[in-house]
Amino acid sequence: MNKKLIVANFKMHFNVQEASLYLNNLNKLTSIHRSVEVALAPPFISLQPLRLEIDPRKFKLCAQNGYYQDEGAFTGEVSFALLKNLVHFVIIGHSERRIYFHEDLELIRDKMAACVRNGLTPILCIGENKSERISKETKKVLHDQISTALYNLTLDEVANVVIAYEPIWAISTFGGEIPKPREIQSAIDFIRFEVSELFGSKVSNQVKILYGGSVNSDLVSAYLSLEGCNGALVGGASLNYQEFAKIIQKAYLIDRQG
Ligand code: PGA
């Protein structure tokens, strides 16, 4: 069974105390669910404290980034090797990393390989920007991002990858345009087609594909109901635990209807 996955990306918000309080509050509003997985991605400093507090039956931890070298003189970086046994997921190639920190296709490819080599599940973020969308380059952009990121992975490793389609123009801090569900459907279909072309349909059907970009509790059901949409990556709306709890509730409902 392909469980739905709902991920809260706190970005650079919440200190350790705030993250702990958030977890406590969210915990009260959520229950253990057999087919909806929830992951929390706080800043690095809160991963270890949250790990001691989290109910692993309800929540998994996710890092927002990782470095591809396992260890060495890389001041300020945190490797996937250091994240091993601490988190389940790592977000790789988020558009903010690509744009503000100039992460290119090759770096993201190396991060993907390091992530799976260390036994962690990558959440690979892909998506076109507004001008690429206008000039109808979306498929080319997605093709380049998918084919390079997965380049050094085996079939089994690709089957375990999560891909988050996050059109940059839809992310709340980059414009926050609300995409029509049919636009997201065609991108999801294209992503599955690309993975199938590269790794075969069996692998392609196992890959989880999430949608991300201005998701909130009003919009989430329409995206989660799309064929082949396996969850959501939530930024701004996840910062409010009540709102994030509502998003999780909507995922439970979709599961019951589906
Ligand atoms: P948003 O962010 O939900 O605030 O648009 C999503 C993301 O950047 O992952």
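Tell me which helices (runs of 4 or more DSSP H) are completely within region 159-227 and hold 3 or more residues being open to solvent by 40 Å² or more (accessible area, probe 1.4 Å) and more than 16 Å from the ligand (Cβ to nearest atom), or say none if there are none. Can you show your working first?
Details: elements: 181-199, 201-206, 220-224.
Once the helices (runs of 4 or more DSSP H) in region 159-227 are filtered for at least 3 residues that are open to solvent by 40 Å² or more (accessible area, probe 1.4 Å) and more than 16 Å from the ligand (Cβ to nearest atom), what remains is 181-199, 201-206.
Quick one: what pairs do we get from region 215-242, first residue at negative phi, second of a type in the set (D, E, K, R) and part of a loop (DSSP other than H, G, I, E, B), C-beta under 7 Å, 6+ apart or different chains?
LEU233/GLU166; GLY235/LYS11
If SER238 passes every condition in (1) near the ligand (Cβ under 10 Å from one of its atoms); (2) more than 22 Å from SER31 (Cβ to Cβ); (3) assigned to a helix (DSSP H, G or I); (4) not acidic (Asp, Glu) but one, which one does it miss?
It is condition (2) that SER238 fails.
Here is a check on your reading of the model: is GLU96 within 16 Å of the ligand (Cβ to nearest atom), part of a loop (DSSP other than H, G, I, E, B) and among the acidic types (Asp, Glu)?
On the way: within 16 Å of the ligand (Cβ to nearest atom): yes; part of a loop (DSSP other than H, G, I, E, B): no; among the acidic types (Asp, Glu): yes.
So GLU96 does not fit the description; no.
So for region 71-80 (the condition being away from the ligand (no atom under 16 Å from the Cβ), of a type in the set (D, E, K, R), farther than 26 Å from TRP169 by Cβ and touching a residue at least 24 places away in the same chain (Cβ under 8 Å)), does at least one residue qualify? Write out each step before concluding.
Here is the first cut: in region 71-80, the residues away from the ligand (no atom under 16 Å from the Cβ) are 71-80.
Within this subset, residues satisfying the condition of being of a type in the set (D, E, K, R) are 71, 77.
Subsequent filtering for residues that are farther than 26 Å from TRP169 by Cβ retains 71, 77.
Okay, now just the ones that are also touching a residue at least 24 places away in the same chain (Cβ under 8 Å), so none.
Looking through region 71-80, none of the residues is away from the ligand (no atom under 16 Å from the Cβ), of a type in the set (D, E, K, R), farther than 26 Å from TRP169 by Cβ and touching a residue at least 24 places away in the same chain (Cβ under 8 Å).
Considering only residues that are hydrophobic (A, V, I, L, M, F, W, C) and within 15 Å of the ligand (Cβ to nearest atom), which ones fall in region 241-250? I'd like the intermediate steps shown before the answer.
From region 241-250, those hydrophobic (A, V, I, L, M, F, W, C) are 244-245, 247-248; that's our starting set.
Matches in region 241-250: PHE244, ILE247, ILE248.
Looking only at region 106-148, how many residues end up being out of contact with any Gly (no Cβ under 9 Å at 6 or more places or on another chain), in a helix (DSSP H, G or I) and not charged (D, E, K, R)?
Matching residues across region 106-148 total 8.
From the list GLU106, GLU53, GLU96, which one is among the acidic types (Asp, Glu) and surrounded by 14 or more Cβ atoms within 10 Å (Cβ to Cβ)?
GLU96
How many residues does region 1-34 hold that are among the hydrophobic types (A, V, I, L, M, F, W, C) and either surrounded by fewer than 20 Cβ atoms within 10 Å (Cβ to Cβ) or more than 16 Å from the ligand (Cβ to nearest atom) (or both)?
Counting residues in region 1-34 that are among the hydrophobic types (A, V, I, L, M, F, W, C) and either surrounded by fewer than 20 Cβ atoms within 10 Å (Cβ to Cβ) or more than 16 Å from the ligand (Cβ to nearest atom) (or both) gives 10.
Has region 35-43 got at least one residue that is assigned to a helix (DSSP H, G or I), under 26 Å from VAL207 (Cα atoms) and within 16 Å of the ligand (Cβ to nearest atom)?
Among the residues of region 35-43, not one is assigned to a helix (DSSP H, G or I), under 26 Å from VAL207 (Cα atoms) and within 16 Å of the ligand (Cβ to nearest atom), which makes the answer no.
Can you tell me which of GLY72, GLY66 is at pLDDT 95 or above, out of contact with any Phe, Trp or Tyr (no Cβ under 9 Å at 6 or more places or on another chain), among the small types (Gly, Ala, Ser) and open to solvent by less than 70 Å² (accessible area, probe 1.4 Å)?
GLY72
The values are calculated or read from the model by the stated rules, or taken from the named source; none is laboratory data. Being a predicted model, the structure only gives us computed values, none of them experimental. Quick reminder, even Gly has a Cβ in these numbers, built from the backbone with ideal geometry, and neighbours come from all protein chains shown. These accessible areas exclude ligands, DNA and RNA; they are computed on the full protein's heavy atoms, side chains included. Shrake-Rupley method; radii C 1.70, N 1.55, O 1.52, S 1.80 Å.
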